[in-house]
1. Membrane-span-like helices in the chain: DSSP H runs reaching 18 Å or more (Cα, own axis), mean Kyte hydropathy at least -0.5?
2. Order of Y98, Y58, Y63 from fewest to most other C-beta atoms within 10 Å?
3. Starting from the Cα of K336, step 7 Å along the direction of its Cβ; do the same at R250; then give the gap between the two resulting points in nm.
4. Would you mind computing, in nm to one decimal, how far apart the modelled labels at D38 and D270 are, each placed 7 Å from Cα along Cα→Cβ?
5. Which of these, A23, A175, A95, has the largest mean-square fluctuation under a Gaussian network model of the chain (Cα springs below 10 Å)?
6. Quick check on the exposure proxy: order H256, H101, H236, H8 from fewest to most C-beta atoms within 10 angstrom.
7. For segment 165-200, state which trypsin sites (Lys or Arg not before Pro) are in a DSSP loop and have at most 10 other beta carbons lying within 10 Å of their beta carbon.
8. Say each of V22 and Y128 gets a label point 7 Å from the Cα, pointing the same way as Cα to Cβ; how far apart are those two points in nm?
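What follows is calculated from the coordinates using simple rules that are stated; it is not laboratory data. Remember, predicted model here, so these are calculated numbers, not experimental data. Note that we place each Cβ from the backbone using ideal geometry, even for glycine, and neighbour counts take in every protein chain shown.
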Amino acid sequence: MPPFAHPHLKDLPLLPIGATDVAGVDRIVPLANNEISDPPAQSVRDAVAKAVDRANFYPEVDYGPLRAAIAERYGVDPDCIALGNGSSELIAVLAQSYCGHGDEVIIGKHGYLNFAICTQLAGGTVVYSEPDATGNLLRFDPQAALAKVTDRTRIVFLDNPSNPLGTYVGKAALAAFRSALREDILLVLDGAYADYAEAEDFDPGDDLVRTTENTVVLRTFSKIYGLAGLRIGWAHAPANVMEILRRTMRPGNLSHVTTAAAQAVLAEPDAIARRKKSNAGIRDAFAARLQDRLGFRVLPSQTNFLLATPPPHAPLGAADLLAALEKKGVLVRSMKPYGLGDSVRISIGTEEEMQIAYDAIEALETP
């Protein structure tokens, strides 16, 4: 008899990844994975080339220079920073550290799917919280989540802003939610898209990390910093959680190349500010055209993507639209794994890429 995996992994879902290529198509417009279209700056390339010279040595253990650079950029304590192979590694380690068999983890019904995967890997039970649909606006509802809390609840994972919705929980509501949760429940705020947020009442939650022992904020270099292929994320955590992370994170989980690239992009905040402004302008203009000209329902977004739903009268629903766009080389993401099968998620690229995408959608959806 062959070996068999633990029963709690039997129904473990796969984390969906958008298509990256189409056979026979010369020009690909990659709008499926929330990447940025800009290639790394020359300063990043130079830092990476220099780092390769040390490839024969193991990386440093505490990543002191990078933690110091992050601390300076974000105004946090460098001793409260843990680095991961993407924020996905940190999500997995936190789930394994604070959740086990018989424990429950609360996530939003349409929250980041990796939260559920990591919870199941740890042996925990996923409890989904229904979203707030007030005014036809889908978003994480703190009150609905509180109603799901039981004596077995150990973690709440909240992506803020939300992936794939693009909506967010404001600062006051977030603080009230943390206050209403039991002290022994860890609140993990995934801020993968926080650097894109522009709303005046948005707050990533770092003050909660400073003032409580039960809140963690996650960030990533994969989105606005454009280092998705190098896999690097970080956690801002209180001292008690940091002690656990130091024991559970494997040393040397990041390479010389990865840390050098991250330090290089942190050294150019003006370029990141321009990218944020450009993203917002292109995103909002594209959303307006989808809504006003084609009748799509588009959620307001604080991120570098849009959740878009074709109108009932459109020639193609979401699934057929996605397939037809793929044939044209325009790659967007199916939202069926997130329980939003009537919608697609469209990443924001350059003005040229979004014009190509719009023209393709218009040609397919105009009766």
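1. Numbers: long enough: 269-294 (37 Å, -0.78); 351-365 (21 Å, -0.38).
Qualifying helices: 351-365.
2. Details: Y98 21, Y58 11, Y63 24.
Ascending number of Cβ neighbours within 10 Å: Y58, Y98, Y63.
3. Between K336 and R250, the simple spin-label model gives 3.4 nm.
4. Modelled inter-label distance: 1.2 nm.
5. Judging by the Gaussian network model, the answer is A23.
6. Values: H256 20, H101 10, H236 27, H8 14.
Ascending number of Cβ neighbours within 10 Å: H101, H8, H256, H236.
7. Working: sites: K171, R178, R182; in loops: R182.
Answer by residue number: R182.
8. 3.0 nm
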